[in-house]
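The values are calculated or read from the model by the stated rules, or taken from the named source; none is laboratory data. Everything numeric in this text was worked out from a predicted model, so none of it was measured. All Cβ positions, glycine included, derive from the backbone under ideal geometry; neighbour counts span all protein chains shown. Just so you know, the surface numbers come from the protein's heavy atoms only, side chains and all, with ligands and any DNA or RNA stripped out. Shrake-Rupley method; radii C 1.70, N 1.55, O 1.52, S 1.80 Å.
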Amino acid sequence: MDRYMEERGYIRISTDRVTSIDAKGHQGIDGVYYHKGTDTYVVAEAKYNTAQLGNPQDGPQMSSNWIDKRLQKAVGSDLTDVINSQGYDSLLVRIMPDGSVKSKVLP
């Protein structure tokens, strides 16, 4: 997902990087990115093939409530304040078995 976002001009600003598709137990935001040219932020979730977004107790994965509870851990308090005041797009990035990548902006 990082490579996909970088190819589109975004830089990763979150620190909790998932380095393996087989990583277990990661329950936070997969990536937060910034695009300097458009001054926009994206909160992204990566899923492999047909994997679905989860539905934990604090709300559906990638809902605004779910993101709000995890954003500070991903980027720190200063950037959380900036991102919340400026706004962000939520993006689902789907990695397909053939290596292709599809993305979809979430409502």
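Assorted remarks:
- Exactly one residue among Gln57, Gln52, Gln86 is at negative phi, over 13 Å from the mean Cα position of the chain (by Cα) and touching a residue at least 24 places away in the same chain (Cβ under 8 Å), and that residue is Gln86.
- From the options Gln27, Gln57, Gln72, residue that is over 24 Å from Arg8 (Cβ atoms), touching a helix residue (DSSP H, G or I) at 6+ places or on another chain (Cβ under 7 Å), open to solvent by 60 Å² or more (accessible area, probe 1.4 Å) and not small (Gly, Ala, Ser): Gln72
- Among the residues making up segment 75-107, those that are among the aliphatic types (A, V, I, L, M) and either within 15 Å of Tyr41 (Cα to Cα) or open to solvent by less than 30 Å² (accessible area, probe 1.4 Å) (or both) are Val75, Leu79, Val82, Ile83, Leu91, Leu92, Val93, Val105, Leu106.
- In the set (1) in contact (Cβ under 8 Å) with a residue 60 or more places away in the chain; (2) surrounded by 18 or more Cβ atoms within 10 Å (Cβ to Cβ), the condition left unmet by Trp66 is number (1).
- Test: residue in segment 31-49 that is out of contact with any Gly (no Cβ under 9 Å at 6 or more places or on another chain), without any contact (Cβ under 8 Å) to a residue 24 or more places away in the chain and open to solvent by less than 70 Å² (accessible area, probe 1.4 Å): no
- Considering each residue of segment 64-83 in turn, none proves to be in a strand (DSSP E or B), under 12 Å from the mean Cα position of the chain (by Cα) and not small (Gly, Ala, Ser).
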